Amino acid sequence: MPNRIRGEAALAAGDRRYRLLLTLGALAEIEDGLGLDSLAGVAERLKAVRAADLAVVAAALLRGGGHDLSPADAAPALRSGRAGRRRHRRVRRRRP
């Protein structure tokens, strides 16, 4: 279970659960993985996001959470996973 106070999030992919955490190291990996000179360019770069960019960001967040995954390893988890979502059942209201 993620520690929300620390800023952790959960990713459920298939039968595996992962912890995501944004750390200073993850920020540096994102900057380097996207080929940027500074963090100021991250927001601009992600406005027109590509799948490869998401894999870089996800891998950095996963490594921040203690998992040793490369962007190539993180991509399948993104396709099959649900990050930070919880399933809610719809409640139908009966009309009188």
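Each reported figure results from applying straightforward, stated rules to the coordinates on display, with no laboratory input. This is a predicted model, so every value here is computed, not measured. Here Cβ is always computed from backbone atoms with ideal geometry, including for glycine, and neighbour counts include all displayed protein chains.
Things worth noting here:
- Here the spin labels are modelled as points 7 Å beyond Cα on the Cα-Cβ line, and at Asn3 and Ala40 they lie 3.4 nm apart.
- Taking amide H as placed 1.01 Å from N in the peptide plane, the amide H of Glu8 sits under 5 Å from that of Asn3, each at least 5 places away or on another chain.
- Cα convex hull volume per residue for the range 4-81 (Å³): 92
- Phi-derived couplings, Karplus 6.51 cos²θ - 1.76 cosθ + 1.60 at θ = phi - 60°, listed residue by residue for the range 26-41: 5, 4, 5, 5, 5, 4, 5, x, 8, x, 9, 8, 8, 5, 4, x Hz, with x used for Gly and Pro.
- Fully extended contour minus Cα-Cα distance, from Ala72 to Arg50, at 0.36 nm per residue: 6.5 nm
- Mean Cβ count within 10 Å, highest first, over the residues of peptides 40-52, 2-14, 20-32, 59-71: 59-71, 20-32, 2-14, 40-52
- Charge dipole (the range 4-81, unit charges on Cβ, about Cα centre) - positive-most of Pro71, Leu11, Gly25: Leu11
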